[in-house]
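Below is one structure, written out as structure tokens; the observations come after it.
Nothing in this text is a laboratory measurement; each read-out follows from the coordinates by a stated rule. What you are looking at is a predicted structure, and each value in this text was computed from that prediction instead of being measured. Note that each Cβ is placed from the backbone with ideal geometry, even for glycine, and that neighbours are counted across all protein chains shown.
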Amino acid sequence: MAIIDTFKIDNTPDASRIWKEMGSSFSNLSQALCEFVDDAVSNFRGNKEDESLRRIVRILVEQQKDAVDIVVEDGGTGIRNVANAMTLAGVEEQETPLNEHGYGLKHALSYVEGSGSDWEVFTRTAESAALGQSYAMRAPYIFGHDEYPIEIHDDWPGSLGSTGTVIRFRSPMNVFATLEQSGKHKEIPFDRLMAILKEHLRYTYAEILEAGEMGIEVITKAGKDEMREMLVPLLPSWEDGSMVDIPKRKVNLGGGSLQVSCRYGRILPSKQNFCHYLGNMESSGVELRINGRVIEHGLLKTIWGRKVHNSQNAFLAQVDLTTESLETIPATKTAKNGFREEDPRLQELFKWIRANVQLPENESESKEQKMFRKLAEKKAELPGMTRVSLEEATFRTIGLRERMDMFTCQNDQVTIYEGKVRGTKASDVYQLKMYWDGCIQDGVPADEGVLVGGRHPKEVYRLIQHVNSTIGPDGRPYHFRLTTWKEEGITCA
């Protein structure tokens with residue numbers, strides 16, 4: 001193909017648009033706050049030998065009429081390379097894997113600015129402290145090659161120590177209310193939102209708080225009232241004897257050796273928590289951490305390829321990856337609220353989890369099987385009963401081996417059963433119909449089909465009558481009936 005001509009286009013990114021969209025990957029305010037806390041954790045870890053640091057993150061939240069003023073302060077070393085810190089994707093001063101993207105501080109600031117709020121960042125290093133100075137950066141964020149204005153102050157707004165970083169911003173109340181992700185369109189009490197925020201922090205950094213690497217202090221101001229609280233880690237309560245602990249072991253996910261530790265089992269659902277360890281579908285499954293910091297939770301179908309069953313809502317697996325090398329771990333999303341699904345290292349981690357973590361049995365099925373076992377024991381005692389079989393296979397002649405709940409033969413009369421612990425549905429009638437047709441296919445035609453359940457709705461009665469008025473594959477009419485566990489003398493397990 002011949003080239004006729006060429007032309008140029010201007011594909012310079014729209015900086016203001018990029019800045020606005022960056023913060024949209026956060027779903028609530030606490031995720032943005034965690035970016036500020038992550039920087040402090042990374043700074044503490046990168047300066048383990050510095051005993052002068054106050055290893056505390058202090059978060060002040062002050063209620064205003066239609067907004068909240070928030071101050072996040074840490075007692076770290078301060079930002080040594082301000083230019084790098086204020087550059088998108090700047091990783092020159094990368095101290096730990098928490099600085100993976102070089103977006104953290106800017107990402108959170110874009111969320112703040114995008115919500116219509118101003119922000120200011122103060123920082124002080126040992127060198128600037130010796131001069132009695134501190135540095136400040138303010139909104140709006142500046143892109144491009146313009147020199148970023150850095151203010152030099154002769155005072156320091158911090159209260160934890162002589163060095164560190166202080167971030168101030170105002171959050172509109174509607175943004176602060178994103179902490180309550182209930183979908184309810186009503187005003188949420190300030191005290192409740194504060195309790196949720198503290199829970200998020202206690203959960204996200206639970207392993208770090210538990211290890212004593214740092215402390216998180218939350219100060220709440222509402223009018224003249226002030227409350228200070230040092231957060232304690234939010235840990236699950238395990239059912240007695242259910243928790244399996246897999247100590248740290250070396251694993252290579254494809255980028256070098258790291259350590260993986262895991263705990264799994266059944267937890268006791270919390271009645272005090274708002275979001276975590278509730279024993280429901282949203283808070284169950286697998287919880288993935290990197291060096292103690294939660295990245296993603298609620299995973300189960302993604303790993304095992306099936307949905308969480310109601311009976312598995314209390315199942316929890318906590319997996320922690322310990323490493324100092326970014327190459328060894330799956331890549332995270334820029335908001336650190338999930339992993340990049342296409343990363344082959346993540347798939348290797350899922351393989352490790354599937355190989356080492358045992359899912360609980362489906363208790364609803366076990367309850368159903370237990371009830372059928374009781375029914376089978378009763379049927380076996382009846383006169384003329386020659387065979388009682390649980391989970392009998394049908395359609396064997398064509399290799400399907402669909403399993404019926406129960407199969408009996410009494411006085412040469414074959415009866416097949418389909419059952420549900422609680423209420424039955426129209427689809428259960430068709431399940432029984434499939435078993436009936438399978439028995440005909442296998443040359444063991446049934447004389448009666450029984451649907452047993454805790455109760456039967458009207459539509460099931462109507463469908464049974466309709467099916468009984470039709471003819472099966474062998475020219476005989478279907479013969480189905482309904483019964484309940486109570487009528488059969490079986491109590492709900």
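Express in nm, to one decimal, how much length is gained between D50 and A126 on full extension, taking 0.36 nm for each residue of separation and deducting their alpha carbon distance.
Here the answer is 26.2 nm.
Pull out the extension gain between A211 and L359, defined as 0.36 nm times the separation in residues minus the alpha carbon to alpha carbon distance; nm, one decimal.
Length gained between A211 and L359: 50.5 nm.
Using a Förster distance of 60 Å, how high is the FRET efficiency between S325 and T386, based on the Cβ-Cβ distance and rounded to 0.05?
0.35
At a Förster radius of 41 Å, what calculated FRET efficiency corresponds to the Cβ-Cβ distance of K378 and V244, to the nearest 0.05?
Efficiency, from the Cβ-Cβ distance: 0.65.
Taking the convex hull of the Cα atoms, report for region 363-484 its projected area averaged over all directions, in nm².
Convex hull of Cα atoms, orientation-averaged projection: 7.3 nm².
If you compute Cα extents along the principal axes in Å for the structure shown, which of (1) 78, 68, 52; (2) 70, 56, 40; (3) 101, 75, 48 do you land on?
The calculated read-out lines up with (3).
Which value in nm describes the separation of the simple spin-label points at E229 and E62, placed 7 Å from the Cα toward the beta carbon?
2.0 nm
Between helix 344-356 and the chain, what is the angle of the helix's C-alpha long axis to the longest principal axis, kept within 0 to 90° and rounded to the nearest 10?
In the chain, helix 344-356 runs at an angle near 50 degrees to the longest axis.
What's the angle, to the nearest 10 degrees (0 to 90), between helix 363-380's Cα axis and the longest principal axis of the chain?
Roughly 20 degrees between the two axes.
At 4 °C and 1.567 mPa s, grab the translational diffusion coefficient of region 235-360 from Stokes-Einstein with a Kirkwood Rh over Cα pairs, rounded to a whole number in µm² per second.
Translational D for this selection: 87 µm²/s.
Kindly put R401, R266 in sequence by how many other C-beta atoms sit within 10 Å of each C-beta, fewest to most.
R401, R266
In nanometres, what is the gap between the two model label sites at T491 and I188, each 7 Å from Cα along Cα-to-Cβ?
My value for the distance between the label points is 4.4 nm.
Work out how much length T483 to K221 would gain on full extension: take 0.36 nm times their residue separation and subtract the Cα-Cα distance, in nm to one decimal.
88.1 nm
7 Å from Cα along Cα→Cβ at both E402 and W304: what's the point-to-point distance in nm?
2.6 nm
Starting at the first residue of region 191-201, write each ³J(HN,Hα) from the Karplus equation 6.51 cos²θ - 1.76 cosθ + 1.60 with θ = phi - 60°, in whole Hz, x for Gly and Pro.
4, 5, 4, 5, 5, 5, 4, 4, 5, 4, 5
Please arrange M406, M281, M230 by how many other C-beta atoms lie within 10 Å of their C-beta, fewest to most.
If I rank by nearby Cβ atoms, fewest first, I get M230, M281, M406.
Reachable lysines from K486, Cα under 30 Å, same-chain residues fewer than 8 places away excluded?
Cross-link targets: K367, K370, K374, K378, K379, K420, K425, K433, K458.
Between N81 and E282, how high is the FRET efficiency from 1/(1 + (r/R0)^6) when r is the Cβ-Cβ distance and R₀ = 35 Å? Nearest 0.05.
With R0 = 35 Å, the Cβ-Cβ based efficiency is 0.30.
Restricting things to alpha carbons, find the Rg to Rh ratio for region 163-284 using the Kirkwood radius for Rh.
Dividing the radius of gyration by the Kirkwood radius yields 1.04.
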